[in-house]
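Just below is one structure, and these are the notes that go with it.
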Amino acid sequence: MTARTVRTVRRTATAVAAATLMALLPHTAQAAESYPDPRPLTGQEIIHDPTVTRLKGGGYVAYSTGGVIGARLSEDGRHWDDAGNAFAQPPGWWYEYNDTGDPWAPDISYRAGRYWLYYAVSSWGTNHSAIGVATSRTGLPGTWTDHGKVFSSETTDTWNAIDPAVIQADGRLWMSFGSYWSGIRMVELDRQTGKAVQGAEVHHLATRPDEPYAVEGPEIVEHGRHYYLFASYDACCQGVDSTYRIKVGRSTDIRGPYVDSTGTPMLEGGGDLLLEGHGRHIGTGGQSVFRDRGRDWLAYHYYDAEDEGTPKLGLNALTWTKDGRPKVS
């Protein structure tokens, strides 16, 4: 199973120490024993970094890291079938960023009568990375037209252009992204092309005070009068040894600052713990959020402790407390 960049390259004592330090920082957590198990699923559950949507034509599609953007289809959101890949073969420009033409961490959204699929291409241990975009009228695998680079990073940058997630806010289009290299960033996109606005400011949304800044995979969701930044913290992609967990903060401005329930900014290591490993469900992360029939759902992967650490799809309803904080249910 292919994973994302960097997060496992630095599997050192430093990363372990960082995870330990973050565990000691104040945060509001849903008690581990109260975490609900994900929705029972059947069929093809194996997945990594899932992005899910309900299709306009009916049914659901999930795209993921693995293959040329692996695809799963479902009629009811419970039984999932392997549907091949988003692309038959990698677009040629991907090979500028790795030798395999292997993409990571897709993000699907719908606007202007089309589905938009963002994804990243990179190599282990480098921030020589790029985010690309493709469009489709149906959102189904095999129907995507690639449009090339959206945004990129180089080894001279202090961020890493992977793990994209797109949101519309205040009539503008934004893309959050980031992995290690000082954490989560965001840029504005052109609404017509879906690519970064020329000369766009790179906003800094979240980081950690401790190297190697193990925070990645952002997702921003609007609820009520707030924007909520979800991100994955700690170590991914180590099977049952993974320590991935999901934290969240909120802001009244899409550009931040995002703070947790104690008032600690996510730029200073803050973030409320939303979900972590429990029972057989280890290393919960690589998350995305989608809306289905008026209800929010959290999609993520976990490593199944009862199946040799195989990465599988987790789906939980996402509810909201009276004070506007998200909770898995």
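The values are calculated or read from the model by the stated rules, or taken from the named source; none is laboratory data. Just so we're clear, the structure is a prediction, and the values are computed from it rather than from any experiment. Cβ coordinates were reconstructed from backbone atoms using ideal geometry, including for glycine residues, and neighbour counts include every protein chain displayed. Side chains are part of the model used for accessible areas, which takes the heavy atoms of the whole protein and leaves out ligands, DNA and RNA. Shrake-Rupley method; radii C 1.70, N 1.55, O 1.52, S 1.80 Å.
Express in whole angstrom the spacing between the alpha-carbon centres of segment 255-329 and segment 101-174. Distance between centres, Cα-based: 21 Å. Here's the picture: charge each Lys and Arg Cβ at +1 and each Asp and Glu Cβ at -1 in the chain, and of A161, V187, V215 the one pushed furthest to the positive end of that dipole is V187. Using a probe of 1.4 angstrom and keeping all protein chains present, the accessible surface of the chain works out to 39 square angstrom per residue. Sorting E219, E75, E188 by accessible area puts them as E75, E188, E219; the probe is 1.4 Å, largest comes first, and only protein heavy atoms count.
Ranking T321, T126 by solvent-accessible area of protein heavy atoms (1.4 Å probe, all protein chains present), from largest to smallest, gives T321, T126. When the charge dipole of the chain is built from unit charges on Cβ atoms (+1 for Lys and Arg, -1 for Asp and Glu) and taken about the Cα centre, the candidate among L140, Y244, G271 whose Cα reaches farthest toward its positive end is L140.
Computed from point charges on the beta carbon alone (+1 for Lys and Arg, -1 for Asp and Glu), the dipole magnitude for segment 69-123 about its Cα centre is near 260 Debye.
Of all accessible surface on the chain at a 1.4 Å probe, what whole percent is carbon and sulfur? Can you show the working numbers first?
Numbers: 6190 of 12870 Å².
Accessible surface attributable to carbon and sulfur in the chain totals 48 percent.
Values (1) 35, 23, 16; (2) 39, 23, 21; (3) 25, 23, 21 are given for comparison; semi-axes √(5λ) of the Cα gyration tensor in Å, derived from the coordinates here, is the one labelled (3).
Which net charge results when you count Lys and Arg as +1 and Asp and Glu as -1 among the other residues whose beta-carbon is under 14 Å from that of E96?
Values: positive: K149; negative: D99, D102, D146, E154.
With Lys, Arg at +1 and Asp, Glu at -1, the net is -3.
In terms of its C-alpha gyration tensor, segment 254-303 comes out oblate, because a/c is 1.5 or above while a/b does not outweigh b/c.
Evaluated with a Cβ-only charge set (Lys, Arg +1; Asp, Glu -1), the chain carries a dipole of roughly 940 debye about its Cα centre, given to the nearest 20.
Taking the charge dipole of the chain about its Cα centre, with +1 at Lys and Arg Cβ atoms and -1 at Asp and Glu Cβ atoms, the residue from H79, A112, T51 reaching farthest to the positive side is A112. Helix-only arithmetic for the chain: the sum of -39500 (n - 2.57) across DSSP H runs with n ≥ 4, divided by the residue total, places the mean residue ellipticity at 222 nm at -1000 deg cm²/dmol. First check a/c for segment 40-161, with a ≥ b ≥ c the square roots of the eigenvalues of its C-alpha gyration tensor; if it is under 1.5, answer rounded, and if not, answer prolate when a/b is larger than b/c or oblate otherwise. Judged from the Cα gyration tensor, segment 40-161 comes out prolate (a/c at least 1.5, a/b above b/c).
Free of any trypsin sites (Lys or Arg not before Pro) that DSSP assigns to a loop and that have at most 16 other C-beta atoms within 10 Å, the longest stretch within the chain is 79-136. Using θ = phi - 60° in the Karplus curve 6.51 cos²θ - 1.76 cosθ + 1.60, the 3J(HN,Hα) couplings for segment 162-172 round to 9, 6, x, 8, 10, 8, 8, 8, 6, x, 10 Hz; x is entered for Gly and Pro.
Only the Cβ atoms of Lys and Arg (+1) and of Asp and Glu (-1) were treated as charged; on that basis the dipole of segment 53-169 about its Cα centre amounts to roughly 580 debye. Each residue of segment 175-308 gets 138 Å³ once the volume of the Cα convex hull is shared out per residue.
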